[in-house]
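Okay, so here's the structure we're looking at.
Please treat every number below as a calculation from the coordinates, not as lab data. On a predicted model such as this, the values are computed, not experimentally measured, just so you know. Ideal geometry is used to build each Cβ from the backbone, glycine not excepted, and the neighbour counts take in all protein chains shown.
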Amino acid sequence: MQLEEFLAQVRDRGEYRSREETEQVCAAVLWVLATRIAPEEADDLAARLPAPLDEALRLERGRPEAFDCDEFLRRVSVQTGARPRTAEWDADAVLCTVADAVPDGELDDLLSRLPARYAEFFGRLSPG
């Protein structure tokens, strides 16, 4: 997926006012996701996303941090300066677009390594 298409989808889903706001939300959500997943998974995902969005996933870090969905949203909220409910909206807008950009098998592999509720952010039903 090309950058303009990705940003247009996120902007439509999130109902953002500007490209700048859309880019900031994308960077924040992807950065928080990168802290949650293994570096190899982040690199694989980054390879599927257009530059410069891929940069948010390329962190210099060690092992991923284990945190639940509520903490994920709290961290997105801190990054964006938004309320937690808005952070959920932001996560959904960005990660549903990521799901459109990544082959199903690769997305399934990523989701298998996260708690089930994360699937909802990617527009998938939680198993169980």
Q: Return the single residue from D104, D68, D90 with maximal mean-square fluctuation; model: Gaussian network over the chain, springs between Cα atoms under 10 Å.
A: D104
Q: Name the residue farthest towards the positive end of the dipole of the range 3-122 from the options L53, A28, F121, assuming +1 on Cβ of Lys and Arg, -1 on Cβ of Asp and Glu, about the Cα centre.
A: A28
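What number results when the radius of gyration of the chain, computed over Cα atoms, is divided by 2.2 N^0.38 Å? If you can, show how the numbers build up before the last one.
Values: Rg = 13.2 Å, N = 128, 2.2 N^0.38 = 13.9 Å.
Dividing the Cα radius of gyration by 2.2 N^0.38 Å gives 0.95.
First check a/c for the range 21-70, with a ≥ b ≥ c the square roots of the eigenvalues of its C-alpha gyration tensor; if it is under 1.5, answer rounded, and if not, answer prolate when a/b is larger than b/c or oblate otherwise.
Numbers: a/c = 2.16, a/b = 1.24, b/c = 1.75.
Oblate, because a/c is 1.5 or more while a/b does not exceed b/c.
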